[in-house]
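A quick write-up on the structure given underneath.
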Amino acid sequence: MKTRFTRLTLLFASVLTFGYARAAEPVRLNEPSAKRTNIERTLDRALNRELSFPLLAKGDMTGKVHVSFVIDKEGKIEVITCNSDNEQLKAYVLRKLARIDVGENPDGIWKTTHMVVDFHPEKS
């Protein structure tokens, strides 16, 4: 009986200890932001700044634009493919992407980035 009580107490103490140690660890989710490079953060900021809904454009500027691009050594976006049913919207996105400069990319290595840009007015 004494041995059984000791074993149960030891088991309970170890479960509490390991549970506390696990609870003290930081939450490890799939955090790509921690591993992102400076150029990726700069690209995200530039895309958010440049690609906004064209309020002043004439005509129907709603729809989706599918874009694939890479960053060259100078930090400019090179569009590989761009598809959309709305040609005006496609031209707008290409103009905006041509203006983006994320700084030098000395490695010249960049994975192909695929994006879907969805333009639609906000509902009130």
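Below, the figures for the structure above:
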item: Unit charges at the beta carbon, dipole of region 31-119: most positive-side option, MET61, CYS82, MET115; result: MET61
item: Debye, to nearest 20: dipole size of region 31-119, +1 on Lys, Arg Cβ, -1 on Asp, Glu Cβ; result: 160
item: Packing-based ranking, highest mean first, of 87-93, 76-82 given that Cβ atoms within 10 Å are counted; result: 87-93, 76-82
item: More than 15 angstrom apart: percent of Cα pairs within region 31-119; result: 60
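Quick note: the coordinates plus some simple rules give every number you see, no bench work behind them. This is a predicted model, so every value here is computed, not measured. Don't worry about glycine lacking a Cβ; one is built from the backbone with ideal geometry, like all the others, and counts go over all protein chains shown.
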